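**Q** The structure's right below; bear with me while I get my questions together.
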Amino acid sequence: MPIRPVLRMGDPFLLQQTEAVSDFSENFLAPILADMFDTMAHLNGAGLAAPQIGLPWQIVIFGVTDNPRYPDVEPVPTTVLINPRIEIIDDAPIYGWEGCLSVPGMRGKVPRPSKIRYSGLDTKGEPFDRVAEGFHARVVQHEVDHLNGVLYPMRMDDLSEFGFIEELQAAQRLN
Ligand code: NI
């Protein structure tokens, strides 16, 4: 299946609201998910949202196991999450470094609620929900933001903590 080009920040499509999925047929979902997983794996992403490859649907995927872009984070289960909702359990913000395939080469320190419950539908249209904290909660919030036209720099409150990965690494700031 093809690796798709990832839209980059500045493309107005990334600022749009997305539409709920109502078609759970194999014909509709399987090609979309295959392209999303292939694109995410090719770029070593921790997650990907459908609008990043130009699709207007409420579909996100994520998962982190032995990812060279995120060597020091706890594993996140590989997940397809459709028509998601997030409920904040603990809104005390935690700051953590984020990257995005739509903002290549950069990282920023983003405040996010530390603990959430997320719910949505799986690939069969079956509902599920999970409680998440730490990096898992951060990844889910980042991906679901994409479905609402929000990129992580729009969540930052201190742009002095935004920069290129190489420079941040050289300064040993990515901790
Ligand atoms: Ni992203």
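The values are calculated or read from the model by the stated rules, or taken from the named source; none is laboratory data. Here the structure is a predicted model, which is why all the values come from computation and not from measurement. We place every Cβ from the backbone using ideal geometry, glycine too, and count neighbours over all the protein chains shown.
**Q** Taking Val76 as the residue in question, decide whether it is within 16 Å of the ligand (Cβ to nearest atom), at pLDDT below 95 and within 13 Å of the chain's Cα centre (by Cα).
**A** On the way: within 16 Å of the ligand (Cβ to nearest atom): yes; at pLDDT below 95: yes; within 13 Å of the chain's Cα centre (by Cα): yes.
Criteria met by Val76.
**Q** Taking the conditions exactly as written (more than 14 Å from the ligand (Cβ to nearest atom), hydroxyl-bearing (Ser, Thr, Tyr) and not in a loop (DSSP other than H, G, I, E, B)), does Thr123 satisfy them or not? So that I can check it myself, show each step before the final result.
**A** Details: more than 14 Å from the ligand (Cβ to nearest atom): yes; hydroxyl-bearing (Ser, Thr, Tyr): yes; not in a loop (DSSP other than H, G, I, E, B): no.
Against the criterion (more than 14 Å from the ligand (Cβ to nearest atom), hydroxyl-bearing (Ser, Thr, Tyr) and not in a loop (DSSP other than H, G, I, E, B)), Thr123 does not qualify.
**Q** May I ask you to say which residue of Tyr118, Tyr95 is of a type in the set (Phe, Trp, Tyr), crowded, with 20+ Cβ neighbours inside 10 Å, part of a strand (DSSP E or B) and away from the ligand (no atom under 14 Å from the Cβ)? Walk me through it before giving the result.
**A** Numbers: Tyr95 fails: crowded, with 20+ Cβ neighbours inside 10 Å.
On inspection, the qualifying residue turns out to be Tyr118.
**Q** When you look at Phe13, is it under 21 Å from Gly99 (Cα atoms), of a type in the set (Phe, Trp, Tyr), within 13 Å of the ligand (Cβ to nearest atom) and in contact (Cβ under 8 Å) with a residue 12 or more places away in the chain, yes or no? Don't jump to the end; show me each part of the working.
**A** Details: under 21 Å from Gly99 (Cα atoms): yes; of a type in the set (Phe, Trp, Tyr): yes; within 13 Å of the ligand (Cβ to nearest atom): no; in contact (Cβ under 8 Å) with a residue 12 or more places away in the chain: yes.
No, not satisfied.
**Q** Let me ask another. Taking the options His136, His142, name whichever one is surrounded by 17 or more Cβ atoms within 10 Å (Cβ to Cβ), in a helix (DSSP H, G or I) and within 11 Å of the ligand (Cβ to nearest atom).
**A** Going through His136, His142 in turn, just one is surrounded by 17 or more Cβ atoms within 10 Å (Cβ to Cβ), in a helix (DSSP H, G or I) and within 11 Å of the ligand (Cβ to nearest atom): His142.
**Q** Taking the residues in segment 150-169 that are within 12 Å of the ligand (Cβ to nearest atom) and touching a residue at least 24 places away in the same chain (Cβ under 8 Å) as candidates, determine which candidate is nearest to Leu55 (Cα to Cα). Give the derivation first.
**A** Of segment 150-169, the ones within 12 Å of the ligand (Cβ to nearest atom) are 150-155.
The next check asks that each one be touching a residue at least 24 places away in the same chain (Cβ under 8 Å); those that pass are 151-153, 155.
Details: Leu151: 16, Tyr152: 19, Pro153: 21, Arg155: 23 Å.
Checked segment 150-169; the qualifying residue nearest to Leu55 (Cα to Cα) is Leu151.
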